[in-house]
Amino acid sequence: MRWSFDYGYANLADFHVDATRETHTGKSVSRRIELHGRSAVPTRRFWKSLFMRFGIGDTVFRYFDHAEVFERISQKCADDRVRYCIATDEEGQGRLLAVTNPKRPVISYHEVNDLVARFDGRDVTYHDGIVTSTHTPRGGERPFDIRGDRFEHRFMMETPVDGFRHPKIYLSFLRQVCSNGAIGYGRAFRSDVSLGKDIGHCIARALDSYDNDEGYAALRQRFESAQTSWASVRECRGLTKLLEKTGLTSGGDKEHLKRDFHRMSGNLNEMYGLANLDALSQKRQRVLPSRCKVYDLLNFASEVATHHSQPAAAQGLQAFIGTLISDEYDMEGTATGKDEFADLFVSSNSVLADPALN
């Protein structure tokens, strides 16, 4: 989908919110916002940036309407002027992205695409104000094996085009056998790109020079350990719950996806004779094993994220991977012997993959 982006400046009083009050929570919920004669859907980035800019939280809308809050801030704030960004899709539907300090540097969507192309970016996607691209570090791909599986070094960059927050770099491995990209979406594997006045130059310098030997070594160690650790019920339940909420590409069938997951992990309900595994305490779930390794969980999550899910869902799955590998596994080092791990887990009946994502 092609997007166009409009940047402008406004005072908070210029934002007119179309909101309704939910009867069960009593909270005022926004539907659309009109700004300078244009109507747009407010995104999560808009609200998050607005709250940070003026030091408020969303709980204020439980007691006051949006118009009251905006008017009060305009009256009391010495400077309520912001820069806004509206993204418009091919059908003319606008989405209101972040609002930021007018003095903060910003890079446009087209500038980001040009930079990404110049530094051989792959798998370039856009979703709600952020361009995501995958790159090879300065030291090269440096292929290596982990117990029979072949990997290459990669890193993934997230670049905001609405001026909200810094660009971020995450370490990543490419599993060659199935072209799955496992991204370390965790603080331990993340680097923020420092920005100066020339934001394009700062991003170009990061793309050209980035490497992190210690980070890749730590990431590799976590993958090696994942191959010798049984996945616990708690870890399997975490991924199952995430898959239930995951937005799949066209043709996705979550019931078949669930069967594929059970084929990998075993049907945990039958294994432990429980209709609801959540009846077990977290402590108990941590010490009960499934029939798969943590490494299988990582590969299943990265396969769905890389080939079969929508952008927002893919980010959630990669965040699961980052969280899992950043902490000690529940049953770390409990598996012995050599295993052959499956190349792919998701059957053709589960998801008809979007060719554009392959």
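At a glance:
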{"quantity": "Whichever residue in the stretch 150-197 is out of contact with any His (no Cβ under 8 Å at 6 or more places or on another chain) and among the basic types (Lys, Arg) and, among such residues, is surrounded by the most Cβ atoms within 10 Å (Cβ to Cβ)", "calculated": "Arg175"}
{"quantity": "Of all residues in the stretch 87-113 being free of Cβ contacts under 8 Å to residues at least 60 places away in the same chain and exposed (fewer than 11 other Cβ atoms within 10 Å of the Cβ), the one that is nearest to Asp14 (Cα to Cα)", "calculated": "Lys103"}
{"quantity": "Single unsatisfied condition, Phe5 versus (1) farther than 20 Å from Glu71 by Cα; (2) at pLDDT below 95", "calculated": "(2)"}
{"quantity": "Tally, over the stretch 57-82, of residues that are within 15 Å of Thr100 (Cα to Cα) and free of Cβ contacts under 8 Å to residues at least 60 places away in the same chain", "calculated": "1"}
{"quantity": "Given (1) touching an Asp or Glu at 6+ places or on another chain (Cβ under 8 Å); (2) at pLDDT below 90, index of the condition Glu244 fails", "calculated": "(1)"}
{"quantity": "Hits in the stretch 292-311 (condition: surrounded by fewer than 24 Cβ atoms within 10 Å (Cβ to Cβ) and polar (S, T, N, Q))", "calculated": "Thr306, Gln310"}
{"quantity": "Top-ranked residue in the stretch 209-228 [being in contact (Cβ under 8 Å) with a residue 60 or more places away in the chain and of a type in the set (Gly, Ala, Ser); ranked as surrounded by the fewest Cβ atoms within 10 Å (Cβ to Cβ)]", "calculated": "Ser209"}
{"quantity": "Filtered residues of the stretch 129-145 (kept if of a type in the set (Ser, Thr, Tyr), closer than 13 Å to Tyr210 by Cα and part of a strand (DSSP E or B))", "calculated": "Thr134"}
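The values are calculated or read from the model by the stated rules, or taken from the named source; none is laboratory data. Bear in mind that the values here come from a model prediction, so they are computed numbers and not experimental data. Virtual Cβ from ideal backbone geometry, glycine too; neighbours counted across all protein chains shown.
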